[in-house]
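The values are calculated or read from the model by the stated rules, or taken from the named source; none is laboratory data. A quick note: this is a predicted structure, and the numbers were derived from the prediction, not measured. Cβ atoms come from the backbone with ideal geometry, glycine included; neighbour counts cover every protein chain shown.
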Amino acid sequence: MTRPWVTWPGLWLAATGGAVLLAVSYSMAATRGADQGHYAVFWAGMLVFTVPVVAIAGSRRVSDRVRLGWLAGYALFTYLPKLLRNPSGPLYHDEIAHWRQTVGIADTGHLFQPNATIGIISQFPGLHIVTATISKATGLSVWQAGLVVLVLAHVLTVFGAAVLGRSRTGSRRA
């Protein structure tokens with residue numbers, strides 16, 4: 001039998017506590033210059049959510065539904081640092097390169113156009129096609145559609161790891 005605190009209120013409490021610490025760490029990093037204390041606060045925030053997830057996912061007493069809910073929460077939570085870092089647009093050269101490539105595909109409909117930032121990107125348009133299609137279909141900007149695709153991929157990767165663990169060990173807790 002699953003204890004009530006293990007279900008959704010526990011998930012939200014752990015996620016909120018961890019998210020607050022992550023936000024504090026980002027604020028510290030932006031305002032304290034060379035002080036490295038923000039790293040400790042960041043990892044404390046990650047642990048505030050990760051430790052309960054490991055305990056619950058590894059427990060024999062929780063249902064598959066609760067276990068999968070916590071894994072989905074973990075997948076979303078571990079994407080949170082990216083969203084806190086730069087939620088409104090590309091920041092790093094690889095993000096800019098992928099964004100430019102996707103905008104080009106969305107605007108022209110032509111695949112395999114050269115990319116001056118990272119040349120190999122033009123040879124693998126799958127991610128860009130999916131993102132451009134979602135952008136066109138929903139009216140989201142290319143950046144917003146890209147976030148939707150990447151969050152979904154992040155969640156599916158965590159579920160894929162759980163399925164792989166179960167298939168290899170025979171244990172739901174893997």
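The set of residues in the stretch 115-140 that are touching a helix residue (DSSP H, G or I) at 6+ places or on another chain (Cβ under 6 Å) and either of a type in the set (A, V, I, L, M, F, W, C) or modelled with pLDDT of 95 or more (or both) comprises ILE118, ILE121, HIS128, VAL130, THR131, ALA132, ILE134, SER135. Being at pLDDT 95 or above, of a type outside the set (D, E, K, R) and either part of a helix (DSSP H, G or I) or loosely packed, with under 15 Cβ neighbours inside 10 Å (or both) is a property that holds for LEU47.
Please verify whether the stretch 87-100 includes one or more residues that are over 28 Å from TYR39 (Cα atoms) and without any contact (Cβ under 8 Å) to a residue 12 or more places away in the chain. Checked against the condition, which is being over 28 Å from TYR39 (Cα atoms) and without any contact (Cβ under 8 Å) to a residue 12 or more places away in the chain, the stretch 87-100 yields no hits at all. Within the stretch 112-132, residues that are in a helix (DSSP H, G or I) reach partners that are surrounded by fewer than 16 Cβ atoms within 10 Å (Cβ to Cβ) and among the hydrophobic types (A, V, I, L, M, F, W, C) with beta carbons closer than 6 Å, at six or more positions or on different chains, in the pairs SER122/PHE112.
Note on the stretch 52-92: among residues that are out of contact with any Lys or Arg (no Cβ under 8 Å at 6 or more places or on another chain) and outside any helix (DSSP H, G or I), the one that is nearest to SER27 (Cα to Cα) is ASN86. Residues that are more than 27 Å from PHE77 (Cα to Cα) and under 22 Å from the mean Cα position of the chain (by Cα) are absent from the stretch 142-149 altogether.
Scanning the stretch 55-82 for residues that are among the hydrophobic types (A, V, I, L, M, F, W, C) and surrounded by 14 or more Cβ atoms within 10 Å (Cβ to Cβ) yields ILE56, ALA57, VAL62, VAL66, LEU68, TRP70, LEU71, ALA72, ALA75, LEU76, PHE77, LEU80.
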